[in-house]
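Peer 1: After the structure tokens below, expect a handful of questions from me.
The values are calculated or read from the model by the stated rules, or taken from the named source; none is laboratory data. These figures come from a predicted structure and were not determined experimentally. Cβ placement follows ideal geometry from the backbone for every residue including glycine, while neighbour counts extend to all protein chains displayed.
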Amino acid sequence: MKRITLLCLACMLAFPWVAGAQAQKPAKDDRDERLKDFEERISVLEAEVQALRAAAATQTVQAPAVAPAAFDVAARPAPAANPPLAQQAPETGGAQPQPPAYGGASSMAKVLNPDISVIGDFLGATGTSNVPPALQAAGRGPLPVLALHESEVGLQAIVDPYARADFFLSFGESGVNVEEGYLTFTSLPAGFVAKVGKMRSAFGKVNTLHNHVLPWTDRPLVTQSLVGGEDGIDDAGLSVTRILPAPGGIFLEGTAQVFRGDSADVFTSSQRSDASVAGHLRGYKDLNESTNVDLGVSYARGHNDLGSAFLTDLYGVDATLHWTPLRRTIYHNFVGRAEFVWSRRDQLPAQQRAFGFYTSGDYRINRRWTVGGRFDRSGRARTANLTDDGFSALLTYWPSEFSQIRGQYRFTKYAEGRNANELLFQFQFSLGAHGAHPF
């Protein structure tokens, strides 16, 4: 009887604990269900985030496909509403949707590619040229009525922290030519900058300019008669440039160059030792906030086509005046240019001397229109006492920064008594990233 009493007493004491445990069990099950619900919601949110990232990445990649002519903001279509989640992230058999993978090797390849540009130069001519037979035999014949004068392809890139490379290929109706292709070392000691490759000589101003940056459709008579014409002094060689100390806020730069010795009809190398040299000293100064002047002196020396014993010396002086009233507009300016060249050529029976120059002015009326004029006079490097004169009037229209339309009236009075009256017109356009040319 005593055992029964103790057993009943133990049951009575254990009953509250069992009841409490039974009461706590539903609460624990409820927490598990809530945690499971939270996990499911987090999974859904992760799927939505992944889908949104994928949609954003796709829109970023497809962005360049938008027509570039859509400048009117009001004309742009309104962004579409976000599609349902079921359309953004299709079922993948229970697996989490993953965004598409971009970059990797393809991205690195694009980073390593150089800047590529293409510049087209379409030229036409009408009127009477009357070029003398002697000049036609020297390759200065009349321009064709219509021609794709030149297509220049530029490849430019930073090679490493110490150098950059620039290559310009010229495609014409007569073939392909490497107009320039050189490597520039920009981190040499003592402030020196060196170039190696094929490059235009730093002789004067016009010789350094590519066709598409000329302020005219052609090159002046002095360039054609004394400095090799369109190709000019352009050869494989080495160039060293350094900024020199100067007082009074003057920018002073000196350039020394050594070339192989073959440049158009100016220099000809008959043997390995027939190298040519060139030098240019340039001074630049701001006269005030609107006006600056650029002065330079040049010298070039090399062997000519008569042999290693015959030399040609060129001396040059160039001047450029820029006027831009910055307080009014950057599209309202004036540029005045002048260049003088003396030639001394060894030939038989006597040494031949010649002199030539040009002066020009370009006035930009507004953003679209520019008017200009140029006067030419030049002797001929190979023939004594023959001087040609010329005058040009120009009108240029800029539809945008990437294209231009230019008309030029050109009058030329040749030494033989022939007169030429021509109307030249030019269309130029630029594609891609073309680096700025030296100022």
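Peer 1: Pairs only if they're at least six apart or on different chains, beta carbon under 7 angstrom, first in segment 409-434 and at positive phi, second surrounded by 17 or more Cβ atoms within 10 Å (Cβ to Cβ); list them, first residue then second.
Peer 2: G432/S117
Peer 1: Residues that are among the hydroxyl-bearing types (S, T, Y) and either under 24 Å from H280 (Cα atoms) or at pLDDT 95 or above (or both), at least 3 per element: which strands (runs of 3 or more DSSP E) completely within segment 304-377 meet that? It would help to see each step written out before you state the result.
Peer 2: Working: elements: 307-323, 333-345, 352-364.
Here the list reads 307-323, 352-364.
Peer 1: Within segment 220-254, track down each residue that is polar (S, T, N, Q) and under 19 Å from A194 (Cα atoms). Steps first, answer last, please.
Peer 2: Going residue by residue through segment 220-254, those that are polar (S, T, N, Q) are 223-225, 239, 241.
Those that are polar (S, T, N, Q) and under 19 Å from A194 (Cα atoms): S239, T241.
Peer 1: Would segment 337-351 turn up any residue that is charged (D, E, K, R), out of contact with any strand residue (DSSP E or B) (no Cβ under 6 Å at 6 or more places or on another chain) and in contact (Cβ under 8 Å) with a residue 24 or more places away in the chain?
Peer 2: The first filter runs over segment 337-351 and keeps only residues charged (D, E, K, R), leaving 337, 339, 344-346.
Subsequent filtering for residues that are out of contact with any strand residue (DSSP E or B) (no Cβ under 6 Å at 6 or more places or on another chain) retains none.
Checked against the condition, which is being charged (D, E, K, R), out of contact with any strand residue (DSSP E or B) (no Cβ under 6 Å at 6 or more places or on another chain) and in contact (Cβ under 8 Å) with a residue 24 or more places away in the chain, segment 337-351 yields no hits at all.
Peer 1: Scan segment 378-392 residue by residue and report those that are of a type in the set (S, T, N, Q) and part of a loop (DSSP other than H, G, I, E, B).
Peer 2: Matches in segment 378-392: T383, N385.
Peer 1: Looking only at segment 132-180, count every residue that is touching a Gly at 6+ places or on another chain (Cβ under 6 Å) and touching a residue at least 60 places away in the same chain (Cβ under 8 Å) and tell me the total.
Peer 2: Of the residues in segment 132-180, 2 are touching a Gly at 6+ places or on another chain (Cβ under 6 Å) and touching a residue at least 60 places away in the same chain (Cβ under 8 Å).
Peer 1: Here are the criteria: (1) surrounded by 15 or more Cβ atoms within 10 Å (Cβ to Cβ); (2) out of contact with any Pro (no Cβ under 9 Å at 6 or more places or on another chain); (3) touching a residue at least 12 places away in the same chain (Cβ under 8 Å). Tell me which single one G249 does not satisfy.
Peer 2: Every listed condition holds for G249 apart from (1).
Peer 1: I'd like the residue in segment 278-326 that is within 29 Å of the chain's Cα centre (by Cα), surrounded by 16 or more Cβ atoms within 10 Å (Cβ to Cβ) and of a type in the set (V, I, T) and, out of all such residues, is farthest from T370 (Cα to Cα).
Peer 2: Looking at the filtered set, the residue picked out is T320.
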